[in-house]
Amino acid sequence: MPKKLLLLPPLSASSAFRVPRARPAPLPAMNAARTGYRVFSANSTAACTELAKRITERLGAELGKSVVYQETNGETRVEIKESVRGQDIFIIQTIPRDVNTAVMELLIMAYALKTACARNIIGVIPYFPYSKQSKMRKRGSIVCKLLASMLAKAGLTHIITMDLHQKEIQGFFSFPVDNLRASPFLLQYIQEEIPNYRNAVIVAKSPDAAKRAQSYAERLRLGLAVIHGEAQCTELDMDDGRHSPPMVKNATVHPGLELPLMMAKEKPPITVVGDVGGRIAIIVDDIIDDVESFVAAAEILKERGAYKIYVMATHGILSAEAPRLIEESSVDEVVVTNTVPHEVQKLQCPKIKTVDISLILSEAIRRIHNGESMAYLFRNITVDD
């Protein structure tokens with residue numbers, strides 16, 4: 001009897017040669033962990049990278065690898081030497097004497113990082129340049145607003161700065177601005193480094209600086225004095241100058257357009273409002289650039305009986321002949337922070353002292369990267385600080 005054959009269904013080509021494979025691992029969830037961060041310096045000179053190195057040491061990080069240099073024709077070139085894709089990038093730029101070169105370095109580095117697909121680009125600019133040009137003067141321009149637009153166009157998404165000359169400058173930007181304060185560090189210096197500071201009086205060298213001086217005086221529980229009647233014009237007294245229509249001799253004015261005549265301002269003789277006799281005078285301001293007004297104020301305070309005079313400010317630009325004028329003046333000590341490099345000026349004038357503010361800048365960087373609140377850095381800070 002013949003054997004029966006069992007017929008099996010034909011195998012398809014795909015199933016005939018199918019090889020068992022391991023199950024693929026699932027892809028990591030998006031945004032499961034925060035991206036990394038890097039800190040770059042937008043200037044390669046030793047004086048300007050000093051603050052950046054202090055900040056990275058506090059953060060326990062290394063300074064980003066980049067090269068910033070000037071071509072023989074004066075053009076600025078920036079080269080990023082490592083990958084920054086998907087990272088939070090912090091650019092630290094201190095402003096040396098060559099302000100325009102520093103601005104171009106910052107703009108070009110920000111654009112280079114934007115092109116390299118950085119996730120966020122945060123500018124750490126302790127002293128914001130052109131902050132004094134934040135109001136219309138004659139037929140000029142508001143340069144600070146122009147710079148804010150340029151930074152946004154270059155790719156910056158956030159700025160950390162310190163003691164803006166006018167706090168309203170924050171409104172020029174289309175992205176967040178954290179305006180930190182140096183007053184806690186300067187107040188600490190007064191309490192720890194000025195002997196017998198309880199016998200001091202806080203001085204405003206002009207009525208415009210009275211609010212800042214009042215804030216210092218209230219925190220230290222000290223007296224307040226204001227110098228009134230400076231010979232030079234303050235910012236608020238500067239003539240706008242936009243005559244419209246232009247002043248023309250023998251011009252015919254329509255009777256309906258006659259305006260009341262505005263009397264010209266006349267400053268009174270220099271007066272010190274407050275008692276400084278036999279006391280330590282501490283002059284406070286936000287910027288020390290041309291020191292003539294500070295030297296003149298020190299002479300007046302000396303005549304009124306102050307036996308020791310300190311000048312304290314956040315930004316020590318100290319341009320031109322400032323070190324020599326301070327050395328030859330009645331000022332005993334000038335205290336500024338390291339928002340602006342001034343090592344050369346310190347060599348020229350031993351009266352200049354420096355307060356380090358890298359602690360608050362590094363903490364701001366850490367909090368922004370981790371998405372933490374910045375409120376802790378502004379505790380007990382008022383509008384006038």
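Summary table below
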read-out	value
Residues of the stretch 366-385 satisfying the condition of being open to solvent by 30 Å² or more (accessible area, probe 1.4 Å), in a helix (DSSP H, G or I) and not aliphatic (A, V, I, L, M)	ARG366, ARG367, ASN370, TYR376, PHE378
When residues of the stretch 162-177 are limited to those that are touching a strand residue (DSSP E or B) at 6+ places or on another chain (Cβ under 8 Å), open to solvent by 20 Å² or more (accessible area, probe 1.4 Å) and more than 16 Å from PHE90 (Cα to Cα), the one modelled with the lowest pLDDT	LYS167
In the stretch 119-161, residue surrounded by the most Cβ atoms within 10 Å (Cβ to Cβ) [restricted to those that are of a type in the set (Gly, Ala, Ser) and touching a Cys at 6+ places or on another chain (Cβ under 7 Å)]	SER134
ALA322 among the small types (Gly, Ala, Ser), more than 21 Å from the chain's Cα centre (by Cα) and crowded, with 24+ Cβ neighbours inside 10 Å	yes
Positions within the stretch 341-365 being surrounded by 14 or more Cβ atoms within 10 Å (Cβ to Cβ), part of a helix (DSSP H, G or I) and within 19 Å of the chain's Cα centre (by Cα), in sequence order	SER358, ILE360, LEU361, SER362, GLU363, ALA364, ILE365
Per-region count, the stretch 285-312, residues touching a residue at least 60 places away in the same chain (Cβ under 8 Å), surrounded by 24 or more Cβ atoms within 10 Å (Cβ to Cβ) and within 27 Å of the chain's Cα centre (by Cα)	3
Considering residues of the stretch 178-202 that are of a type in the set (A, V, I, L, M) and surrounded by 20 or more Cβ atoms within 10 Å (Cβ to Cβ) only, the residue nearest to the chain's Cα centre (by Cα)	LEU180
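The values are calculated or read from the model by the stated rules, or taken from the named source; none is laboratory data. Note that the structure is predicted; figures quoted are calculated from it, not measured. In this analysis, Cβ positions are derived from the backbone assuming ideal geometry, glycine residues included, and neighbour counts consider all displayed protein chains. The area values use the complete protein model at the heavy-atom level, side chains included, leaving out ligands, DNA and RNA. Shrake-Rupley method; radii C 1.70, N 1.55, O 1.52, S 1.80 Å.
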